[in-house]
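Reviewing the structure listed below.
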Amino acid sequence: MSPYEEVILEHWRNPRNKGRLDAPDVDVVEANPLCGDVVRLQLRVRDGVVEDVRFDGRGCAISQAAASLLTDMIKGKPLAELKGMKDEHLLDALGGVIRTRLNCALLPLRALRKGLSSA
Amino acid sequence: MIDVKAVRADFPILERKVNGRPLVYLDSGATSQKPRQVIEAVARFYREHNANVHRGLYQLAAEATDLYEEARAKVARFIGAAPEEIVFTHGTTEALNLAAYSLGELLVGEGDEVVVTAMEHHANLIPWQQLARRKGARLVPVGVTPEGELDLGELAEAISDRTKVVAAVHVSNVLGTINPVPEIAELAHKVGAVVVVDAAQSVPHLPVSVRELGADLLAFSGHKMLGPTGIGVLWGRKELLEKLPPFLTGGEMIREVWLDRATWNDVPYKFEAGTPPVAQAVGLGAAVDYLSSLGMEEVRRHDLELTARTLEGLLERDYVTVYGPTEPEARGGVVAFNLRGIHPHDVATLLDQEGIAIRAGHHCAQPLHRLLGIPASCRVSFYVYNTPEEVDTFLSALDRVWEALG
């Protein structure tokens, strides 16, 4: 069974940065109503850099693993850099995602973009 | 007994592999696979008889018309109806939209009520929502018991003198529940309401006689019963069809046309505006022949055997929740379920890696899923070409999904 690359299974079983922040600077929820996947992303920003991040949510293994991995990827990064983040950055880091599940994998990235556009 | 090996040999697609494994197709509730008899009937129509129907004064047009009308007669016999009671549509959805629109024009006004159930497919819900909105009528939903059955007590209370239409599904595409249409019809007819049945999951799988059901209008699709996509049926009692105003208008459905007005053709042609799906109707006729040669009692028995085996296997796995009646006899050949804490999409994707095709999602029944308190579910559904071994393959693959993600 391979569409669930080891990185996805690993993040699904041991999610990173899961929980909530007190008084986050960015607090955004993105959902895929058709399948019920929900990702909440919270960022604390200092001097234009992501100082801390948390995610919470529910849904499929791919969306939740992608959210976990994304928090690892963006921590310590300047917002300016994150604004240029492409789909491929996340998909490659996940080890590739099959065509039928791209929407799931990209849900947390949509949350991030929504949060950054209002930040 | 159905000779499944012989049946399988008729379905070319079952020879193919998916992700290196033989295809195990468990999504016939969404659409069935097609036997070569149907594929060839459609191809032969285009190769040898193609012309528009009911118009041309030449040999080909006469042949095409005969084949189209012959298909109508076959479908009529299949459900115990008269040919003029069979309206060809593009599918169940169009048939139900026709029913809702035309019934609405005929008999639904402000303050009237339309009774629906909480287990409807969106195709038998949204047309009634739209009708209620258009006419200022009220939609009255009837709930589902914890056992996954229609709440008949609630139904009896919901039906009143204001009820003009009762719309219900015959076999739920999620719970598998077989609803007691004769009882529903009796309750509805007491107040003079019209009964509309979504039979998309029943006509392909159960012996259905429209007279015994006691409904007034009944809709189903060709593609779920071994036929082509793009063809569906609305059956209606002749006297009701004659009273109903047309839905789609244009060519073919008219008798006389002036610049400012028109009169309508006889039933069923009054409801068949434009060029109908002729080749698809011919394919549906071949599908009906195929099912009739197997015998619908045998088709039902085969579904039941596979459903019972599936239910038994799922219920003995403590990580699985099954939705709907636990008695196989109370169901059609569909079983919806979830794995604890695992999203149905993950289950479907992992099973696909083993060549097993199942459905995962809300199955066009969002209100029912809301009632069940889940965003989505997995669903397996069977047909004449599925085997007990495929059920076992599916069940053991489910154990591997649980090991991987549970």
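Odds and ends about this structure:
- Rounded Å value of the spacing that divides the Cα centres of the range B:145-189 and the range B:44-114: 27
- Only protein atoms count toward the accessible area here, which uses a 1.4 Å probe; on the range B:1-95, the carbon and sulfur part of that area reaches 55 percent.
- The calculated FRET efficiency for the pair A:Asn103 and B:Asp3, based on their C-beta separation and a Förster distance of 45 Å, comes to about 0.60.
- For the range B:1-78, Kirkwood radius (reciprocal of mean inverse C-alpha pair distance, Å): 15.3
- Here the protein assembly as shown yields Rg over Rh of 1.03, to two decimals, using C-alpha coordinates and the Kirkwood radius.
- Net charge over other residues, Cβ less than 13 angstrom from the Cβ of A:Val97 (K, R count +1; D, E count -1): -3
- Sorted into 10 angstrom bins from 0, the C-alpha pair distances of the range B:39-292 split as 8, 31, 34, 19, 7, 1, 0 percent.
- Hydrodynamic estimate: the Kirkwood radius of the range B:241-394 over Cα pairs, inserted into Stokes-Einstein at 25 °C and 0.890 mPa s, corresponds to D of 128 µm²/s.
- Top positive-direction residue, dipole computed over chain B with Cβ charges, set B:Val384, B:Leu350, B:Leu175: B:Leu350
- The range B:307-406, accessible surface, carbon-and-sulfur percent (1.4 angstrom probe): 48
- If the Kirkwood radius is taken over C-alpha pairs of the range A:6-118, then at 20 °C and 1.002 mPa s the Stokes-Einstein diffusion coefficient equals 156 µm²/s.
- Part-to-part distance (alpha-carbon centres) for the range B:198-244 and the range B:275-297, which is given in Å: 13
- Pairs of Cα atoms nearer than 8 Å and 6+ residues apart set the relative contact order; for the range B:158-287 it is 18 percent.
- Solution diffusion estimate, µm²/s, Stokes-Einstein, the range B:89-222, Kirkwood Rh from C-alpha pairs, 37 °C, viscosity 0.692 mPa s: 227
- Of B:Lys164/B:Lys270; B:Lys5/B:Lys224; B:Lys5/B:Lys34; A:Lys83/A:Lys114, those spanning more than 19 Å from alpha-carbon to alpha-carbon: B:Lys164/B:Lys270; B:Lys5/B:Lys224
- Per residue, the accessible area of the range A:6-118 comes to 47 Å², computed with a 1.4 Å probe over protein heavy atoms only.
- Solvent-accessible area of B:Thr387 with every protein chain in place, 1.4 Å probe, in Å² to the nearest 10: 20
- The mean count of C-beta atoms from other chains within 10 Å of the C-beta of residues in A:54-62, rounded to a whole number, is 4.
- Averaging 1/r over each pair of different alpha-carbon atoms in the range B:152-252 and inverting the result gives 14.7 Å, the Kirkwood hydrodynamic radius.
The values are calculated or read from the model by the stated rules, or taken from the named source; none is laboratory data. Because the structure is a prediction, the values reported are computed rather than measured. Using ideal geometry, Cβ is built from the backbone for each residue, glycine included, and neighbour counts are taken over all protein chains shown. Keep in mind that these areas ignore ligands, DNA and RNA; they rest on the heavy atoms of the full protein, side chains included. Shrake-Rupley method; radii C 1.70, N 1.55, O 1.52, S 1.80 Å.
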